[in-house]
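Working notes, structure below.
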Amino acid sequence: MIITLVTLHLIPFPSQAVVVYPGLPKCRSGLVLGIYSSEKDEGAAQFTSAGDAFDRLVSGKLRELLCGPPLKKGKTRIFHGLHQDFPSVVVVGLGKKNPGVNDQENWNEGKENIRAAVAVGCRQIQDLEIPCVEVDPCGDAHAAAEGAVLGLHEYNELKQKKKPVVTPQLHGSAESEAWQRGVTYAEGQNLARYLMEAPANYITPIKFAEHIEQKLRSFSNVKVHIRPESWIATQEMGAFLSVAKGSAEPPIFLEIHYLGGANTNDSPLVFVGKGVTFDSGGISLKPSSGMDAMRADMGGAATVCSAIVTAAALNLPLNIIGLAPLCENMPSGKANKPGDVVRAKNGKTIQVDNTDAEGRLLLADALCYAHNFKPRAIVNAATLTGAMDVALGSAATGVFTNSSWLWTHLYEASVLTGDRVWRMPLFEHYTKQVTDCPLADLSNIGKYSRAGGACTAAAFLKEFVTASHWAHLDIAGVMSNKDEVPYLRKGMAGRPTRTLVEFAARLSQDGRNTK
């Protein structure tokens, strides 16, 4: 990203940042401008404020060139040679002006239109190999920045042939603060995408922890603890260790303390993320087809840790603790066997009827540990069940919660980010299916096997929670993106990082009693 020539900002993700110092010439820039559809099918399209200003700058030539059928939402037209500062101008359709919240879709349609439109425009500038792009704020610079930064991101670290790097910056200066906030949100999600997309031999448990530690090193109000296997054993996290013992890679328990609140003793928000850096299924081996995608089975840890990195960059005024049990789930002579019984941190015994239902074992111990901090709320995220993907696909994250207060905050945050959540049931009906177990207190799968798999997994986790405000986010369905989210390229999605950040931001402003 290019920083404004007046002020030098420190961006928390230096691998993505480009700094321009006063006195140096601007790079050759493309320009992305938005245009609204007319209220009727016929009639002249309406420019944004930035589009109007540019049209005046070129003596009305842009409007002349756009005469004819109105530009539909998400469609573009490219013009060359209109202005010497911008060799190429991409005009992209934003749809109707100010459509607001779509109650049927459960998101702010205007923000989503901006994200999608800006992403398309920026990619076209990238295809033209222009190194910089100035972006029309389109009336919402935060959303425009998210569209630009998310839309241009691609994991190509290990390729010799890479796409040209394009640096987005705000066109004009009226909404610079909102733009920078949107950049920070998007860079947070891109960090999660990077961690999830990288091969499992590059992101092992220790390398994951060290990467997050490096991202947080510059913040004086953050402490990072990388707990080794010996510490995990002293905490009597038998469920976690039972999964880790099948791999040659030692487990790590990553613990992050962000102390952003006015009082560092205030009850924290606790984020817990499943951190299986590769999931073979263990002895209950997964099919080989598509198993490579299980490098992203640490998506829960990636999203919650990236959300904390983003919260620190935004200096959000609340305390957050992040917990990520990190290990691999591999088949070996030491691995869990179907029918084995292990003991969790709270003393409950668990019959491991399927070694591929390992994420809930890690989370069980981490959730028990989370209660040590007397949390204001606990939110865990995990690529937990294929059943969640079957239920909701990639449309939304499934949320199971014992707190309507917590649900409301998560839902309202997701409406703004466009990264939606949907509430799922925590009925006693499902609890009975995991507690009716012949050898132990609990089975790690429901007794009716595939029936309600996401719900029985949530019911299992609930057995390790006593906090009044807890939410379990099953993100298996939103783990990757094919073409469903237009401003994300194909690959690991990093969802719902921005929703977690927005949720934390809302929580930091909420003065209501949550007890």
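Where only protein heavy atoms count, and the probe is 1.4 Å, what is the accessible area per residue for the stretch 30-174 in Å²?
Heavy-atom accessible area per residue stands at 48 Å².
Sum up the charges of everything whose Cβ sits under 15 Å from the Cβ of I256, counting Lys and Arg as +1 and Asp and Glu as -1, but leave I256 out.
Neighbourhood net charge equals +1.
Can you divide the C-alpha Rg of the chain by 2.2 N^0.38 Å and report the result to two decimal places?
1.01
With only alpha-carbon atoms counted, please give the Rg and Dmax of the stretch 30-174, in Å.
15.2, 49
Among all the lysines, which ones have a C-alpha under 18 Å from K161's C-alpha, if same-chain residues fewer than 8 places away are not counted?
In chain and number order, the partners are K490.
To make sure I understand the rule: partners must be aspartates and glutamates, Cα under 20 Å from the Cα of K374, and not fewer than 8 residues away in the same chain. Which ones qualify?
E236, E255, D266, D365, E463, D510
May I ask for the net charge around V92, where only other residues with Cβ less than 11 Å from the Cβ of V92 are counted and Lys, Arg are +1 while Asp, Glu are -1?
+4
Could you please state how large a percent of the accessible area of the chain is carbon and sulfur, counting protein chains only and using a 1.4 Å probe?
The value for the chain is 51 percent carbon and sulfur by accessible area.
Hand me the trypsin sites (Lys or Arg not before Pro) from the stretch 368-468 located in a DSSP loop with no more than 12 other Cβ atoms within 10 Å, in residue order please.
Sparse-neighbourhood loop trypsin sites (Lys or Arg not before Pro): R450.
May I ask you to evaluate 6.51 cos²θ - 1.76 cosθ + 1.60, the Karplus curve with θ = phi - 60°, for each residue of the stretch 406-417 and list the ³J(HN,Hα) values in order in whole Hz, giving x for glycine and proline?
Values, residue by residue: 5, 4, 4, 5, 5, 5, 5, 5, 5, 4, 6, 7 Hz.
What list of ³J(HN,Hα) couplings, whole Hz, do you get for the stretch 133-146 from phi and the Karplus terms 6.51, -1.76, 1.60, once you set θ to phi - 60° and write x for glycine and proline?
Going residue by residue, I get 9, 8, 10, 4, x, 6, x, 8, 5, 4, 5, 5, 5, 4 Hz, with x marking Gly and Pro.
Roughly how many Å is it from the Cα centre of the stretch 197-239 to that of the stretch 267-317, as a whole number?
12
To test your reading of the geometry: what angle, between 0 and 90 degrees and rounded to tens, separates the Cα axis of helix 176-197 from the longest principal axis of the chain?
50
For G261, what residues show an amide H to amide H distance below 5 Å, using hydrogens built from the backbone and excluding near sequence neighbours?
When sequence neighbours closer than 5 places are left aside, the close amide H contacts are L318, N319.
Considering only DSSP states other than H, G, I, E and B, which GluC sites (Glu not before Pro) in the stretch 461-504 qualify as loop sites with at most 16 other Cβ atoms within 10 Å?
E484
Based on DSSP H runs of at least 4 residues, each adding -39500 (n - 2.57), what is the mean residue ellipticity at 222 nm of the chain after dividing by all its residues, to the nearest 500 deg cm²/dmol?
Theoretical 222 nm ellipticity from helices: -10000 deg cm²/dmol.
Taking amide H positions as placed in the peptide plane 1.01 Å from N, state which residues far from V101 in sequence (5 or more) or on other chains have amide H under 5 Å from it.
E109
Measuring from centroid to centroid over Cα atoms, what is the spacing of the stretch 78-99 and the stretch 125-181 in Å?
15
Full-extension gain between D510 and V101, please, as 0.36 nm times their residue separation minus the C-alpha to C-alpha distance.
Length difference between fully extended and current span is 145.1 nm.
Loop-only trypsin sites (Lys or Arg not before Pro) in the stretch 204-298, please: DSSP not H, G, I, E or B, and at most 10 other Cβ atoms within 10 Å.
Those that pass, being in a loop and sparsely packed, are R217.
If you plug each phi of the stretch 358-370 into the Karplus form 6.51 cos²θ - 1.76 cosθ + 1.60 with θ = phi - 60°, what whole-Hz ³J(HN,Hα) values come out, in order, with x for Gly and Pro?
After applying 6.51 cos²θ - 1.76 cosθ + 1.60, I find 8, x, 5, 6, 4, 5, 4, 5, 5, 5, 4, 5, 4 Hz.
The values are calculated or read from the model by the stated rules, or taken from the named source; none is laboratory data. Computed from a prediction, not measured in an experiment: that's the story for all the values here. Here Cβ is always computed from backbone atoms with ideal geometry, including for glycine, and neighbour counts include all displayed protein chains. SASA here: full protein model, heavy atoms, side chains in, ligands and nucleic acids out. Shrake-Rupley method; radii C 1.70, N 1.55, O 1.52, S 1.80 Å.
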